[in-house]
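These notes are about the structure you will find just below.
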Amino acid sequence: MSAPNNSSPHTVLPEALRERLLERFCHYVTFDTSSELTSTTYPSTAGQLDLLRHLAEQLQSLGAAEVVMGEHGYVTAILPGQGDLADAPTIGLLAHVDTSSEVSGSGVRPLVHENWSGQDILLPDDPSIVLSSDDDPALAAEVGRTFVTASGTTLLGADDKAGVAILMTIAEACLRSQELAAEGGPLAELFAGPRAPLRLAFTPDEEIGRGVQHFDAEAFGADFAYTLDGGPAGELEIETFCAASAVLTFRGVNTHPGYAKGQLVNAVKVAGDFLQRLPADALSPETTEGKEGFVHPNAIRGNVASTTVRLLLRDFRLTALETQRHTLETLAQAAVDANPGSSYTLTVEETYRNMREVLDRHPHVADLARRALREADLEPLEHPIRGGTDGARLSFMGIPTPNLFSGQHNIHSVREWASLWEMEKAVEVVLRIARGAVG
């Protein structure tokens with residue numbers, strides 16, 4: 001094996017399989033699957049169900065076994081094992097279909113940039129947005145490769161439709177393995193060789209922290225799993241934030257503003273007073289990095305009588321979330337004290353925990369991925385996720401689940417792009433993981 005090289009420009013998959021991977025991805029991103037935090041349905045939006053139904057139909061057409069779309073939208077399927085590994089531990093593979101609601105996911109127009117020469121890219125629907133390798137070191141590695149962007153007014157949806165396309169391509173590679181092996185060419189030995197059984201799952205609502213809220217981990221039947229929901233080639237993530245969501249509601253006293261002197265207490269202003277008290281130079285996403293946690297107000301809604309602020313609480317230590325809760329209570333009380341006649345209520349709900357607590361008890365899961373990455377000529381890139389994945393909750397549900405790369409970059413942004421080469425490498429790495437499982 002040559003020295004690991006995460007910047008090789010060469011294609012990976014057989015040409016026809018590579019083309020279908022690209023076609024799938026460009027098709028999937030046209031589905032509007034934004035999830036909605038305030039929705040009371042599951043999935044939170046109907047568009048997610050449209051894509052999930054489509055994936056179930058495609059899996060059936062490919063010949064996957066036991067394709068099921070459950071009452072909560074989860075789509076699962078089985079790819080039987082092969083050869084000496086047919087009875088090996090079952091490996092789960094997951095990707096989520098929803099996209100962030102922070103940037104529009106409606107009317108996504110994917111643009112394929114083939115064999116990119118390195119020139120700046122002006123997104124046509126908003127030419128003020130320029131993608132340049134000078135500003136994006138990851139993009140600089142794409143010279144000579146093919147990648148996909150949106151057109152300038154929407155996100156692309158690579159988070160995580162890149163993972164969705166990768167999983168569907170893995171399904172095709174496994175179900176057509178003998179045919180692909182007979183054709184020869186790239187990865188022929190992987191297609192022909194033994195392979196552990198694989199269970200696929202496509203989930204909704206990951207972006208709002210509910211991705212596996214109704215998932216039946218026992219019925220899924222995987223001994224361990226991987227989410228395909230990461231960034232650059234080689235990425236392997238075994239540590240996430242601990243996360244909670246907070247809802248802080250301020251109550252005032254409403255009356256006719258023309259006759260309000262001495263009576264009206266404006267809950268909007270009380271909420272503003274609270275927000276002003278949050279630290280300006282710490283404890284926020286824009287002022288933290290590495291393993292520093294934050295408190296992030298991300299939505300506000302209300303009127304004079306009642307105003308609600310929603311916040312995200314994040315830290316790698318569970319105990320730190322309790323400290324953050326205490327900070328919110330202290331600052332909210334200070335705002336109420338400064339505005340006599342007002343009051344507040346605070347509710348905090350845990351979303352997920354740091355999956356490293358579980359994965360450290362199952363080191364073989366990450367070790368198998370590391371070995372597969374090196375066999376694929378990639379150096380493992382390991383760092384904590386300043387966020388979460390479905391795997392964080394799945395790990396505590398009995399399925400140890402690290403996160404693997406899927407080639408997504410600049411996520412939740414109109415500048416989002418996805419690398420075809422990195423998606424191809426993800427297919428290869430998963431096939432190598434399946435070949436390296438121990439029976």
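Could you tell me which residue of region 112-123 is most open to solvent (accessible area, probe 1.4 Å), considering only residues that are among the aliphatic types (A, V, I, L, M) and not in a loop (DSSP other than H, G, I, E, B)? Even if it seems obvious, please write down each step before you answer.
Going residue by residue through region 112-123, those that are among the aliphatic types (A, V, I, L, M) are 112, 121-123.
If we keep only those that are not in a loop (DSSP other than H, G, I, E, B) too, we end up with 112, 121-122.
Working: Val112: 61, Ile121: 11, Leu122: 103 Å².
Residue satisfying both the conditions and the ranking: Leu122.
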*Which of the residues belonging to region 71-111 are among the β-branched types (Val, Ile, Thr), buried (at least 23 other Cβ atoms within 10 Å of the Cβ) and closer than 29 Å to Asp216 by Cβ?*
Val75, Thr76, Ile91, Val97, Thr99
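From the list Thr169, Thr153, pick out the single residue that is touching a Lys or Arg at 6+ places or on another chain (Cβ under 8 Å) and not charged (D, E, K, R). Can you show your working first?
Numbers: Thr153 fails: touching a Lys or Arg at 6+ places or on another chain (Cβ under 8 Å).
Criteria check complete, one pass: Thr169.
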_Any helices (runs of 4 or more DSSP H) falling wholly within region 150-201 and containing at least 3 residues that are open to solvent by less than 10 Å² (accessible area, probe 1.4 Å)_ = 158-175
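I need a count of the residues in region 387-424 that are in a helix (DSSP H, G or I) and surrounded by fewer than 24 Cβ atoms within 10 Å (Cβ to Cβ).
Pass one, region 387-424, residues in a helix (DSSP H, G or I): 390-396, 420-424.
In the following step, the residues that additionally are surrounded by fewer than 24 Cβ atoms within 10 Å (Cβ to Cβ) were identified as 396, 421.
Qualifying residue count, region 387-424: 2.
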*Pro14: touching a Cys at 6+ places or on another chain (Cβ under 7 Å) and either in contact (Cβ under 8 Å) with a residue 24 or more places away in the chain or within 28 Å of Gly388 (Cβ to Cβ) (or both), yes or no?*
no
*Got a number for residues in region 292-307 being surrounded by fewer than 18 Cβ atoms within 10 Å (Cβ to Cβ) and either touching an Asp or Glu at 6+ places or on another chain (Cβ under 6 Å) or modelled with pLDDT under 95 (or both)?*
2
*Members of region 126-149 that are without any contact (Cβ under 8 Å) to a residue 60 or more places away in the chain and not in a loop (DSSP other than H, G, I, E, B)*: Val130, Pro137, Ala140
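The values are calculated or read from the model by the stated rules, or taken from the named source; none is laboratory data. Quick caveat, the model's predicted, so the values are computed rather than measured. Methodologically, a virtual Cβ is constructed for each residue, glycine included, from the backbone with ideal geometry; neighbour enumeration extends over all protein chains shown. Surface accessibility is based on the protein's heavy atoms, side chains included, excluding ligands, DNA and RNA. Shrake-Rupley method; radii C 1.70, N 1.55, O 1.52, S 1.80 Å.
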